[in-house]
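Okay, structure first, notes after.
Read-outs throughout are calculated quantities, based only on the coordinates presented, and are distinct from any laboratory measurement. Values in this document were obtained by computation on a predicted structure and should not be read as measured data. Positions of Cβ are generated from backbone atoms using ideal geometry, with glycine treated the same way; all protein chains shown enter the neighbour counts.
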Amino acid sequence: MKKDIHPENYRDVIFEDNASGARFKVASTVATEGTAKWDDGKEYPVYRVEISSASHPFYTGQSKNIDTAGRVEKFKQRAAAAAKKGKK
């Protein structure tokens, strides 16, 4: 392998899926806050993600509503308001 081709902050990082709780250890340069222990007992930087292959419906075959910003409720309110206007 060539020397000095990777950035200085290239290190092992734990990616933790908030939806399923699954964890993956991957080499990355992502900016992180905090650390966590991995199965080998060592501490690694941790980066939390909203969705990964462990929770994405395409990979799991299960449909889930992951509503982090209230989008579903906003859509339902708009749909109800549009239905009221349509009936008048």
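Observations on the model:
- Set of lysines with alpha-carbon distance to residue 85 below 27 Å, sequence-local pairs under 8 removed: 74, 76
- Amide proton proximity set for residue 13, modelled H, under 5 Å, gap of 5+: 26, 27, 28
- Nonlocal amide H pairs with residue 22, under 5 Å, H built at 1.01 Å: 17
- Highest mean packing comes first when the peptides 5-15, 77-87, 34-44 are listed by Cβ atoms within 10 Å, giving 5-15, 34-44, 77-87.
- In sequence order, calculated HN-Hα J values of region 23-30 (Karplus, 6.51, -1.76, 1.60; Hz; x Gly/Pro): 10, 10, 9, 9, 6, 7, 10, 4
- Table column - 3J(HN,Hα) (Hz), region 80-85, Karplus curve with 6.51, -1.76, 1.60, x for Gly and Pro: 5, 5, 5, 5, 5, 5
- Computed from phi, the 3J(HN,Hα) profile of region 50-55 under the Karplus parametrisation 6.51, -1.76, 1.60 (θ = phi - 60°) reads 6, 8, 9, 5, 6, 10 Hz, with x in place of Gly and Pro.
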